[in-house]
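Some notes on the structure that comes next.
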Amino acid sequence: MELKMDANAELKSNNRLVQYLFKKEERVHKLIISLLILSLIAGIETTLLLYSADQKGMNVLNGMSISEIGAVSFAINTIVMGALGLLVTFIIQILIVCLLFLVLKERPVNIKGICQAVINAGVCIVIGSGVNAIIALLVKSKETTFTSLSLLVHDKNSILHTFMAEFELFYIVSLILFSYSLEKLALIKRRNAWIITIVIALVSLVFHMLTVASGTYLK
């Protein structure tokens, strides 16, 4: 009887989560606030990751150390950098998806639904970044991502390492959730939702490889 009650409680909890993720939000200011909150959390996670990398002797601050920059300046600059980075990514993703809606002849372009899909995917990515930041602080390994297949590639400067970093647990979950959210919230065909998701993933891969090659991204 007790096990049945626990199972029912867990089922209700899962149902509430599903309802929260896929409940249509009509208020634009709530969508904007959600994007800003996720971006701020990402900024804090960026600070933790860079702090961990600096403590392990990884060159992530253009040859400088936190002591040279100053702890307060380091925290402010990295939080702003991380927050703006994700916020700009969100905006670009929304614009690309809107364009793909037009290309695929999906009418009307449900911008609110698209924003919610981006937010749902963003939640997964932010959770994943948080998990990796905590692990990075706890272990001595000179890595910044511990939930991707890049751990299997020893040469961190290789193209293969960069490519394998895209196969990251939370990122893959975010893509699945993004596609499903587009279908349920932006009200488009499942086939088109997956086409858009694949295009977004490919754009992300190209951007990731370019930024790693230029030395402006943590590998």
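Each reported figure results from applying straightforward, stated rules to the coordinates on display, with no laboratory input. Computed from a predicted structure; not experimentally measured. Don't worry about glycine lacking a Cβ; one is built from the backbone with ideal geometry, like all the others, and counts go over all protein chains shown.
Tabulated results
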{"read-out": "Overall form of the range 27-213 per C-alpha gyration tensor (a/c, 1.5; a/b vs b/c)", "value": "prolate"}
{"read-out": "Most positive-pole-ward Cα, Leu35, Val80, Thr147, against dipole of the range 27-213 from beta carbon charges", "value": "Leu35"}
{"read-out": "Residue-wise HN-Hα coupling along the range 128-142, computed from phi with Karplus coefficients 6.51, -1.76, 1.60 (Hz; x: Gly, Pro)", "value": "x, 5, x, 4, 5, 5, 5, 4, 4, 6, 8, 10, 8, 4, 7"}
{"read-out": "Cα centroid separation - the range 159-212 against the range 62-84, whole Å", "value": "30"}
{"read-out": "Karplus-derived HN-Hα couplings along the range 187-203 (A = 6.51, B = -1.76, C = 1.60, θ = phi - 60°), whole Hz, x at Gly and Pro", "value": "6, 10, 5, 4, 4, 5, 4, 6, 4, 4, 4, 5, 4, 4, 5, 5, 4"}
{"read-out": "Electrostatic dipole magnitude of the range 94-219 [Cβ: Lys, Arg +1; Asp, Glu -1; Cα centre; debye, to 20]", "value": "320"}
{"read-out": "³J(HN,Hα), Karplus 6.51/-1.76/1.60, whole Hz, each residue of the range 79-86, x for Gly, Pro", "value": "5, 5, 4, x, 5, 5, x, 6"}
